[in-house]
Amino acid sequence: MTDGPDGAPVSMIERVVRVLDTFDGATRLSLAQVVQRSGLPRSSTHRILDQLVAVRWLSREGNDYRLGIRMLELGSLAL
């Protein structure tokens, strides 16, 4: 990924990928865990998580997030 001078991802796509990559091997993650694993600011991470839930790439259960049904649908198309 292309990082800026401060080490932060430059594009929105890179930020989304960084958030999604935090779920590698994890079933559920809290906002705090995604922030820690992604290295992104809390407000940006929260905004991205909310948008990913809205398009069903992630689902939210209480305070935890997990991969959503749309991600599974797209994955099955790749097979």
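The values are calculated or read from the model by the stated rules, or taken from the named source; none is laboratory data. Here the structure is a predicted model, which is why all the values come from computation and not from measurement. Because the Cβ atoms are built from the backbone with ideal geometry, glycine has one as well, and the counts that use them run over all protein chains shown.
Every residue, every condition in (1) surrounded by 12 or more Cβ atoms within 10 Å (Cβ to Cβ); (2) charged (D, E, K, R), yes or no:
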residue: 14; (1), (2): yes, yes
residue: 26; (1), (2): yes, no
residue: 35; (1), (2): yes, no
residue: 40; (1), (2): yes, no
residue: 46; (1), (2): yes, no
residue: 60; (1), (2): yes, yes
residue: 70; (1), (2): yes, yes
residue: 73; (1), (2): no, yes
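Taking the stretch 42-79 as the range and being outside any helix (DSSP H, G or I) and touching a residue at least 12 places away in the same chain (Cβ under 8 Å) as the test, the residues that pass are 55, 56, 57, 58, 61, 63, 64, 65, 66, 67, 68.
In the stretch 1-41, the residue that is farthest from the chain's Cα centre (by Cα) out of those that are part of a strand (DSSP E or B) and modelled with pLDDT under 95 is 3.
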